[in-house]
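The structure appears right after this line, and notes come after that.
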Amino acid sequence: MDSNAIRRKFLEFFKSKGHVIRPSSSLIPQNDSSVLFTTAGMQQFKPYYTGEKDAEKDFGSKNITTAQKCVRTGDIDEVGDATHCTFLEMLGNFSFGGYGREKAITYAHQFITEELGLEISYVTFYRGLKDVVPRDEESKNIWTKLGIKDIREDGADVFWGPTGDSGPCGPTTEIYCKNGAGQDVETWNIVFNEYFCNGPREKLDRGEATLTKLDILGIDTGMGFERLLASIQKKESVYETDLFEAIMSIIFPQGLPPKDNWVYEKNVKASRIVADHSRTAILMISDGVLPSNTSRGYVLRRLIRRAVFNCHENNIQIMPHHLVEVFAKKYNDVYPEIFNQKDEIIKVLSDEELKFLKTLKEGQKELEKMAMALWDKYDSFGKPIEITLPLNGQNLFFIYSTYGFPFELSIEEINKIRLHLSHGYKYEVLSDTEVKKLKEEFDVEMKKHQELSRTSSVGMFKGGLANHNEKTVRLHTAHHLLLAALQAVLSPEIKQKGSNITEERLRLDFAFPRKMEDVEKKKVEDWVNEKIKQSLNVIRREMPLAEAEKLGAQMEFGAKYGDTVSVYFIEDEKGEAVSKEFCGGPHVTNTKELGNFKIQKEEAVSAGVRRIKAVLL
Ligand code: SER
């Protein structure tokens, strides 16, 4: 059975048990701003466990089944081994009061042993937390009745959740099966969401959050799809399953070097990193994430750069964007959003790859000097090395901010250079203690930098586009009008995704699924020019954040604002706002100062994001 057949089999099995098949939610959590990515199948259902929402009303059933896209970057350093991936699919069945432990465990047992023909190595159950959560005798008894011999008691590892700031959580029982290498791997996690936790997991573990019993018992199960495939297809690693088969042969078309070649292990690891990180990047972009230096975009950027770096270092002749087609086809059954946006995804990846490759060379030169400074003052010809950058966290930060090398890449690179320069006799890579110290220094620099940029954005509220002059100020006001025009012409839902203003032009990125038609562009231009002609006043008002939100002022998605904010209004003669945006300014005082507005270009930046460049003539 290939991956598509197994996924289908799972969903159909639970359908036959009275579950409704629902689509995966986006990798960008829709109802939980406290987490960057969707990490579990249950996340989209949080309100159904707490009773805020009613599944029967929304889906026609209390029982749901999904294959959910998840991103878990916590183990990014483990990627390259047989099992870890930064993207994974979770096969899950969920119930909000529809059934309890008995059915949840029996379904899982039946699916694993009868439908898939796998043998269960052992199962676990929760030992309880004194005076707070009772020991899970019921699960233990159900497993015994089902004939499982090896039933192991466990602690915090078999208590799930909550995800994010707070949420449903509860004891779990896990199923372990053998993978193709004969090792026992956690295959299925069956969670009984019986509690609501009012804090994040760290607080719960420290005893600083409280559990309240939920009204209904919720079922939340998750089976890591990649690992399951490795067990069913009897493969030693997830990268040998049919999900990755074609990808691996693109990465190394001639196959891997023989096992006794010293680069073998290095190449295996690199090919897995390239496959994994490219896949995650592709799925993230298909859900609307774009590379940037903050939050989700930074995670994406790091993944792409690590993939490119590993290609570069291992003579891999392809780049992540070459893998889009194959993944798009492989996932077309379940995640058609990749195929539907493949050209945009390829573009986002290629742009980012090029950007990184350019800086890679320069950064490498600097790192080489650092690496050598560490342990030798002379190069291999005995010539003194000119040490411009001693190895410390400050300089690693410099490398990061100038060349875009994330800390981890710099360390990898330094280790590589040291191994290379050691000519076989000084195999010294940085020790864990050295890396830790460098990271601490790096973090201090990073913090300083963040504080600085925060101060400068506070500065912006007081009135400062960097390097503003008359031209940029006019374009800035035109930018506000353009956003309002897009909302008036295309859809009131249009959201800004990014912006940039130079003396020559303005640039506005916004979420929109398709190319704009010529007549739409013309309408937008006319709308803006009409507002310019009407000589409207541009007014700045300071107000409490809550009030600005109530007025519906445009905010940048994900931005954090202080208690008092500055909002710019462009008002018509009746005092009605044609535009209102959170903004630090500066702006012209009247739109008549703008001249003639013209769109120069409208193009795709990435999946679902369009870019307009416009000028004032
Ligand atoms: N929420 C649990 C997990 O992700 C089970 O689905 O492991």
Original post:
Which pairs, out of 17/46; 140/178; 103/213; 46/235; 471/550, put more than 30 Å between their alpha-carbon atoms?
Top reply: 46/235; 471/550
**OP:** For residue 236 and residue 157, calculate 0.36 nm times their separation in residues minus their Cα-Cα distance, and state this gained length in nm to one decimal.
**Re:** 26.0 nm
**OP:** Could you work out how far the C-alpha centroid of segment 13-40 sits from that of segment 77-117, in angstrom?
**Re:** 14
Original post:
Are there GluC sites (Glu not before Pro) in segment 510-617 that DSSP marks as loop and that have at most 14 other Cβ atoms within 10 Å, and which are they?
Top reply: 517, 573, 576
Original post:
Give or take rounding to whole Å, what are the principal axis extents of the alpha carbon atoms in segment 504-617, in descending order?
Top reply: 39, 34, 25
**OP:** Using a 10 Å cut-off on Cβ atoms, rank the peptides 353-360, 226-233 from the highest mean neighbour count down.
**Re:** 226-233, 353-360
**OP:** State, to one decimal in nm, how far the label point of residue 600 lies from the label point of residue 21, with both points 7 Å from Cα in the Cβ direction.
**Re:** 4.9
Subject >> Total charge dipole magnitude, segment 472-543, about the Cα centre, Cβ charges on Lys, Arg, Asp, Glu only, Debye to nearest 20 >> reply: 100
Original post:
Please state the relative contact order of segment 154-242 as a whole percent: Cα pairs under 8 Å, 6+ residues apart?
Top reply: 28
Original post:
Can you work out the FRET efficiency for the pair residue 429 and residue 613, with r the C-beta to C-beta distance and R0 = 45 Å, to the nearest 0.05?
Top reply: 0.45
Original post:
Are there chymotrypsin sites (Phe, Trp or Tyr not before Pro) in segment 485-580 that DSSP puts in a loop and that have at most 12 other Cβ atoms within 10 Å, and which ones?
Top reply: 557
Subject >> Dipole magnitude of segment 36-132 about its Cα centre (Cβ charges: Lys, Arg +1; Asp, Glu -1), debye to nearest 20 >> reply: 420
Original post:
Percent relative contact order of the chain, based on C-alpha pairs within less than 8 angstrom and at least six residues apart?
Top reply: 9
Original post:
Rounded, prolate or oblate: which one fits segment 188-237, using the alpha carbon gyration tensor with axes a ≥ b ≥ c (rounded when a/c is under 1.5, else prolate when a/b beats b/c, else oblate)?
Top reply: oblate
Subject >> Exposure proxy order (Cβ contacts within 10 Å, fewest to most) of 133, 289 >> reply: 133, 289
Original post:
Compactness ratio of segment 104-176: Cα Rg over 2.2 N^0.38 Å, N = residue count?
Top reply: 1.19
Original post:
Listing 54, 351 from the residue with the fewest other Cβ atoms within 10 Å to the one with the most, what is the order?
Top reply: 54, 351
**OP:** Starting from the Cα-Cα distance between residue 343 and residue 149, subtract it from 0.36 nm times their residue separation and give me the gain in nm to one decimal.
**Re:** 64.6 nm
Original post:
So which GluC sites (Glu not before Pro) in segment 11-60 end up in coil per DSSP with only 10 or fewer other C-beta atoms within 10 Å?
Top reply: 52
**OP:** Give the cross-link partners of residue 574 among the lysines, using a straight C-alpha distance below 18 Å as the criterion and excluding same-chain residues fewer than 8 apart.
**Re:** 531, 533, 592
**OP:** Among 204, 190, 179, pick out the residue whose Cα is farthest towards the positive end of the charge dipole of segment 155-236, where Lys and Arg carry +1 and Asp and Glu carry -1 on C-beta, about the Cα centre.
**Re:** 179
Subject >> Residues residue 332 and residue 77, FRET efficiency given R0 of 35 Å [Cβ-Cβ distance, rounded to 0.05] >> reply: 0.65
Subject >> Simple spin-label estimate for residue 436 and residue 184 in nanometres, 7 Å along Cα-Cβ >> reply: 3.1
**OP:** Could you list, in their original order, any pairs among 342/447; 361/439; 447/495; 57/145 whose Cα atoms are separated by more than 26 Å?
**Re:** 342/447; 447/495; 57/145
Original post:
With the dipole of segment 46-119 worked out from charges on the C-beta (+1 for Lys and Arg, -1 for Asp and Glu) around the Cα centre, which of 76, 63, 109 lies farthest toward the positive end?
Top reply: 63
**OP:** Would you work out the charge dipole size for the chain about its Cα centre, treating the Cβ of every Lys and Arg as +1 and the Cβ of every Asp and Glu as -1, and quote it to the nearest 20 debye?
**Re:** 1000
Original post:
Length gain on complete extension for the stretch residue 298 to residue 542, per 0.36 nm per residue less the alpha carbon to alpha carbon distance?
Top reply: 84.7 nm
**OP:** Could you calculate the FRET efficiency of residue 265 with residue 32 from 1/(1 + (r/R0)^6), where r is the beta carbon distance between them and R0 is 25 Å, rounded to 0.05?
**Re:** 0.05
Subject >> Principal axis dimensions, the chain - Cα atoms, whole angstrom, descending >> reply: 82, 76, 47
Original post:
Of 292, 409, 251, which is farthest along the charge dipole of the chain in the positive direction, counting Lys and Arg as +1 and Asp and Glu as -1 at C-beta?
Top reply: 292
Original post:
What value, in deg cm²/dmol to 500, does the helix sum -39500 (n - 2.57) over DSSP H runs of n ≥ 4 give at 222 nm once divided by the residues of the chain?
Top reply: -13000 deg cm²/dmol
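Computed from the coordinates by the stated procedures, all read-outs in this text should not be read as laboratory data. Only a predicted model underlies this, so the values are computations on that prediction, with no experimental measurement involved. In this analysis, Cβ positions are derived from the backbone assuming ideal geometry, glycine residues included, and neighbour counts consider all displayed protein chains.
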